[in-house]
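What follows is one structure encoded as structure tokens, with my remarks underneath.
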Amino acid sequence: MKKYLLSIIALILPLFNFAQEAEQGLDQKIDEAFQPVADGFFDAIFFPIYKSETMEIPFVLVLLVGSALFFTLYFKFPNIRFFGKAINVVRGKYDDIDHAVVEPAYGDVTPGGDSIETIRDESEEGEVSHFQALATAVSGTVGNGNIAGVALAIALGGPGATFWMIVCGLLGMSTKFVECTLGVQFRDVGEDGVVYGGPMYYISKGLKSKGFKTLGKVAAAIFAVFCIGGSFGGGNAAQSNQATIVIKELFNWESTAAGAIVGLVLAVLVGIIIIGGIRRIAQVTEKVVPFMAVMYVAACLYIILSNFSLIDDAVGLIVKEAFNPTAFGVGGLIGVLLVGFQRAAFSNEAGAGSASIAHSAVKTKYSASEGLVALLEPFIDTVLICTMTALVIVIFNFGGFFEYGGDGSGVVFIDGVGYEGAGITSKAFAEYIPYSNIFLTVAVVLFAVSTMISWSYYGLQSWKFLFGRGKTADMVYKILFLIFVVIGAAASMGSIWKFSDAMIFAMIFPNMVGLFFLFPIVKKQLMRYLDAIKENKAKA
């Protein structure tokens, strides 16, 4: 570990010195080099199935929302029926059920060729508790998508985008349930007890069991590539980008190398944490995530309740604008719907499959138990935290501070100054809470760091799937990951979020291949778990 840390420092220090010695425009140079890459990936992933002068409908969003609706109906609204049970699983109410030996529901051997006895042994394995798995996964989703992403959605689509974010979050709960159940069901456990799981495993193993071995291998490899890209983009660069924005604003830092310097500092901090793997990450996130979420929610509630008389007006405006948007350039109802869906999907990642990588490491014998835990994520992330952020911004703008729609790129002008992302949220907080710029800066940085360390685990698992589980391969990935921390901090918000959106949404294509082949297995696993709970109650 010490050797690895010294290697990171040795790599970072020359870059830090370079940033300090740069005469001018270091951030701009990084952005100019990165922007064509971001534009290319974005155009490739968000190809439209309908296009007009005012809007485009990307196929990937239709696939995402349509799939979430299908799973919601097929499993008879698990997001509502099993909400209470999911909370009880996290509380540990059903932990004693995991002591029973459970056989696979699909026969005497697994898709990977393991016998029942092997599964019995593996079912004893796992690295984290239900709560730790949830905290790790939530830390990967509850990030600056909740602060900057919501502000971006409202800036582009107006208050109505919030309504469609909530709808997408509720539907996404069903998708999370399906993919995280499969993540545990098809996970691998190494000889050292380390768990390897996620879409790359359930796609390859699951499709092999259905007689599509080659398709499974190809789709799993494609997912792994996109997940690595997602870890560099939405799980990394977008986070450091927003942290840099609020830090520069707090200190009024105008240096043309400020972004690169902030990124280098964040890279060292993240590098120290991610050395320890999932156990270290879980130990950090189970403490940091609840703390920062509670503090942020408390601040939002303070602002909302301080303007109690405006709550019904804000809610009314959100609903009205959802179906009759007035934001300039949003493209009508379909346009604001797409803005809301896109930002919600980026925030909670339901359908991308990323969270199933963290949930795969849970200590359980029943895969559906963790699927139930996972459906809480979009609710926490989108329905609760994103909605609170949106209410704060909408209430703030009853003062007429900016025009919804802005310049069409996510920038709005307040007192003649352009603000974007977390900068908009910061202005809203500053209106009601003294020294809130300090509080929000701390919150954004904590959100960013927690998201980055969780996504480093997601990306590393995918990297291992492609390149093996050796220490050298790990080193290469982690160095690349830390470099993207710096790129994200230095580049512009526009190019970073384009790249991030493209990488996160690219994961949806191969992941859906696995989900639509394997969702019947999820139903069997769910029934087995519910039956076990009933039997346990009967014995009690």
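The values are calculated or read from the model by the stated rules, or taken from the named source; none is laboratory data. What you see is a predicted model, and the numbers here were worked out from it, not measured in a lab. Note that we place each Cβ from the backbone using ideal geometry, even for glycine, and neighbour counts take in every protein chain shown. Quick note on the areas: whole protein, heavy atoms, side chains included, nothing else; ligands and nucleic acids left out. Shrake-Rupley method; radii C 1.70, N 1.55, O 1.52, S 1.80 Å.
One line per residue, one yes/no per condition, for (1) open to solvent by less than 50 Å² (accessible area, probe 1.4 Å); (2) under 30 Å from THR72 (Cβ atoms); (3) touching a helix residue (DSSP H, G or I) at 6+ places or on another chain (Cβ under 6 Å); (4) modelled with pLDDT of 80 or more:
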site: LYS287; (1), (2), (3), (4): no, no, no, no
site: SER309; (1), (2), (3), (4): no, no, no, yes
site: GLY332; (1), (2), (3), (4): yes, yes, no, no
site: LEU337; (1), (2), (3), (4): yes, yes, yes, yes
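Just one of the listed residues (VAL294, VAL262) is within 18 Å of VAL485 (Cα to Cα) and either open to solvent by 50 Å² or more (accessible area, probe 1.4 Å) or at pLDDT 80 or above (or both), namely VAL262.
Per-residue answers, yes or no, for (1) among the acidic types (Asp, Glu); (2) in contact (Cβ under 8 Å) with a residue 40 or more places away in the chain; (3) farther than 24 Å from GLU370 by Cα; (4) surrounded by fewer than 23 Cβ atoms within 10 Å (Cβ to Cβ):
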site	(1), (2), (3), (4)
VAL150	no, yes, yes, no
VAL184	no, yes, no, no
VAL189	no, yes, no, yes
TYR196	no, yes, no, yes
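A search for C-beta distances below 6 Å between a residue of the stretch 413-424 that is assigned to a loop (DSSP other than H, G, I, E, B) and any residue that is surrounded by 13 or more Cβ atoms within 10 Å (Cβ to Cβ) and not small (Gly, Ala, Ser), counting only pairs 6+ apart in sequence or on different chains, returns GLY421/LEU152; GLY421/GLN242; GLY421/MET493. As a summary of the residue check, PHE401 satisfies the conditions (1) touching a strand residue (DSSP E or B) at 6+ places or on another chain (Cβ under 7 Å); (2) surrounded by 21 or more Cβ atoms within 10 Å (Cβ to Cβ); (3) at pLDDT 85 or above except for the one numbered (2). Report yes if some residue within the stretch 62-78 is surrounded by 21 or more Cβ atoms within 10 Å (Cβ to Cβ), within 17 Å of GLY169 (Cβ to Cβ) and modelled with pLDDT under 80; otherwise report no. For the stretch 62-78, residues surrounded by 21 or more Cβ atoms within 10 Å (Cβ to Cβ), within 17 Å of GLY169 (Cβ to Cβ) and modelled with pLDDT under 80: absent. Which of the residues belonging to the stretch 54-86 are among the aliphatic types (A, V, I, L, M) and closer than 24 Å to LEU515 by Cα? Within the stretch 54-86, ILE57, VAL60, LEU61, VAL62, LEU63, LEU64, VAL65, ALA68, LEU69, LEU73, ILE80, ALA86 qualify. Looking across the stretch 231-259 at every residue that is of a type in the set (Ser, Thr, Tyr) and open to solvent by less than 10 Å² (accessible area, probe 1.4 Å), the one that is farthest from MET507 (Cα to Cα) is identified as THR244. Taking the criterion of being within 16 Å of PHE429 (Cβ to Cβ) and of a type outside the set (Val, Ile, Thr), the residues of the stretch 399-414 that qualify are GLY399, PHE401, PHE402. Where helices (runs of 4 or more DSSP H) fall wholly inside the stretch 463-540, the ranges with 2 or more residues that are open to solvent by 10 Å² or more (accessible area, probe 1.4 Å) and basic (Lys, Arg) are 471-490, 508-539.
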